[in-house]
Amino acid sequence: MADRLRGTARIRVTGAAPWVFLDRCAGDGIVLTDVRSVDELTVTATVSERYVSAAERIAQRCGCRFEILYRRGAPLWRAAVRRYRFAAAGMALIFAALLASSLFVWEISVAENPSAVPDAEILRVLRDQGVGVGSFWPAFRGERIRTAALLELPELSFLTVNVRGSRAFVQVRPVHEPPEIFDPGRRADVTAARSGVIESVTALAGRPLIVRGGAVTEGETLIEGTPAEPHARGTVRAYTYYEFTAAAPLTSRRVTALGPSRRRFALILGTKRINIFADSGILPDDCGKMTKTYTLAGTGLPALPVRWVTETLQSVSAQTTALDGDAVRAALTETLHDYLCARLCGGEILGEHCSVSTDGEWMTVTLRAQCLERIDADTPRE
């Protein structure tokens with residue numbers, strides 16, 4: 001390693017008596033390494049860069065021809081830097097810029113989000129905490145960011161931000177409600193979760209206040225707790241009624257491209273966008289736009305604060321076509337039926353009927369259904 005730093009040269013000495021050259025070098029304190037005999041008249045060796053001139057003079061005094069095969073080490077690097085000093089300075093500046101850029105976040109995304117909170121809402125809350133594009137990630141304080149974000153997002157139980165190569169990845173976990181533990185000593189009643197007509201009542205604890213065939217409204221007490229059994233329990237099934245409405249247009253718009261397209265470009269440096277076009281950027285009503293953004297970093301490489309934007313502009317013509325009324329009605333009816341099944345959560349549909357109305361542009365479908373389901377709800381008494 002020391003020889004590499006000082007520099008070395010591989011030499012070849014040719015003459016009638018090359019061993020004389022080797023003896024004189026040893027006598028003058030010139031260390032030759034990796035000495036090899038090529039033939040009876042030629043030897044090769046490695047000598048330190050600082051002894052090259054002295055070794056050449058000894059070879060000349062010995063009547064030998066002295067050749068330098070190649071050089072290695074720091075002197076060559078310094079010479080190359082002096083020769084290409086402007087290129088070296090540019091490379092040094094680029095390296096310094098990349099090193100400084102790696103300390104900032106240039107891409108942020110939600111990697112795992114099994115919760116119902118939208119990714120955009122999570123990123124907005126983090127941006128309010130100073131975690132966004134262009135933020136200085138060594139200044140992040142994970143515990144402070146996590147605490148502040150979870151206070152604004154009560155639907156989440158866990159949140160963390162990991163930074164790798166100027167890319168920030170957010171991982172969240174939803175809140176899991178703990179199972180309800182039955183407490184027989186708690187004062188609670190069974191109330192109606194929906195309005196309906198009672199089909200059956202099974203009281204496991206407490207005193208029932210309704211009978212079969214009676215009508216109840218949402219929130220009405222069905223089974224009341226008693227002093228002996230303060231926590232009322234039971235199963236109540238009732239006939240319930242639903243009415244849902246959905247609407248859809250009877251026409252659709254088809255867009256057709258007109259004439260050739262044109263492109264315009266923009267450059268994004270960090271959080272600043274630089275438009276490379278002369279117009280104002282406001283598009284006419286009959287013009288469509290498709291935007292593509294290209295980053296300068298690949299997979300596994302650090303993100304860079306430079307992005308290239310290409311916008312393709314195309315004049316379009318919108319044509320209105322009529323839709324099949326029966327197909328629209330069938331789609332609306334299926335949507336309402338699926339929504340009803342999701343609301344029942346295990347109930348039974350006894351009958352359903354759909355009514356249809358149109359005003360020329362829109363079709364409205366109303367679903368009315370009679371169902372049989374459980375309506376009992378455990379409600380603590382205040």
>> Across the chain, what fraction of all alpha-carbon pairs, as a whole percent, falls in each successive 10 Å bin from zero upward?
In response: 4, 12, 10, 13, 15, 12, 10, 6, 5, 5, 5, 3, 0
> Can you give the Rg to Rh ratio for the range 2-77, taking only C-alpha atoms and Rh from Kirkwood?
Replying inline: 0.96
> Residues with amide H under 5 Å of Ser157's amide H, sequence separation 5 or more or different chain, H placed in the peptide plane at 1.01 Å from N; which?
Replying inline: Arg173, Val175
> So, with +1 on the Cβ of K and R and -1 on the Cβ of D and E, and no other charges, what is the size of the charge dipole of the range 188-234 about its Cα centre, to the nearest 20 debye?
Replying inline: 100
> Taking K and R as +1 and D and E as -1, what net charge do the other residues with C-beta under 15 Å from the C-beta of Gly29 add up to?
Replying inline: +1
> Near the amide H of Ser166, under 5 Å away, which other amide H atoms are found, from residues 5 or more places off or on another chain, if H is placed in the peptide plane?
Replying inline: Ala303
> How large is the charge dipole for the range 107-174, taken about the Cα centre, if only the Cβ atoms of Lys, Arg (+1) and Asp, Glu (-1) carry charge, to the nearest 20 debye?
Replying inline: 260
> Got a sec to turn the phi values of the range 365-382 into Karplus ³J(HN,Hα) couplings, 6.51 cos²θ - 1.76 cosθ + 1.60 with θ = phi - 60°, whole Hz, x for Gly and Pro?
Replying inline: 10, 10, 9, 10, 9, 10, 10, 10, 8, 7, 10, 6, 9, 6, 10, x, 8, 6
> Rounded to two decimals, what ratio of Rg to Rh does the range 188-234 give with C-alpha atoms and a Kirkwood Rh?
Replying inline: 0.96
> To two decimal places, what compactness ratio does the range 234-382 give when its Cα radius of gyration is scaled by 2.2 N^0.38 Å?
Replying inline: 1.80
>> Using Cβ contacts closer than 10 Å as the measure, can you line up Val172, Val117, Val13 from fewest to most?
In response: Val117, Val172, Val13
> Which is farthest toward the positive dipole end of the chain among Phe104, Thr221, Cys371, measuring Cα position about the Cα centre, with Cβ charges +1 (Lys, Arg) and -1 (Asp, Glu)?
Replying inline: Phe104
> Which FRET efficiency, nearest 0.05, do Ala278 and Ala247 yield, Cβ-Cβ r, R0 35 Å?
Replying inline: 0.20
> Binned at 5 Å from 0, what are the whole-percent values of the Cα-Cα distance distribution for the range 113-157, short to long?
Replying inline: 5, 22, 32, 23, 14, 4, 0
> Can you run phi through the Karplus equation (6.51, -1.76, 1.60; θ = phi - 60°) for the range 205-210 and list ³J(HN,Hα) in whole Hz, with x for Gly and Pro?
Replying inline: 7, x, 10, x, 10, 10
> Which value in Å does the Kirkwood hydrodynamic radius of the range 146-198 take, with 1/r averaged over all unlike C-alpha pairs and then inverted?
Replying inline: 15.5
>> Compute a Gaussian network model of the chain, connecting alpha carbons closer than 10 Å, and tell me which residue from Leu269, Leu126, Leu41 fluctuates the most.
In response: Leu41
> For the range 339-382, what size does the Cα cloud have along each of its three principal axes, sorted from largest down, in whole Å?
Replying inline: 52, 27, 14
> Out of every Cα-Cα pair in the range 236-285, what percent are more than 15 Å apart?
Replying inline: 76
> Size of the dipole of the range 251-322 about the Cα centre, Lys and Arg at +1 and Asp and Glu at -1 on the beta carbon, nothing else charged, in debye to 20?
Replying inline: 160
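Throughout, read-outs are computed from the coordinates displayed, never taken from laboratory work. Fair warning: this is a prediction, and the values are worked out from it, not measured in the lab. Note: ideal-geometry Cβ built from the backbone for every residue, glycine included; neighbour counts use all protein chains shown.
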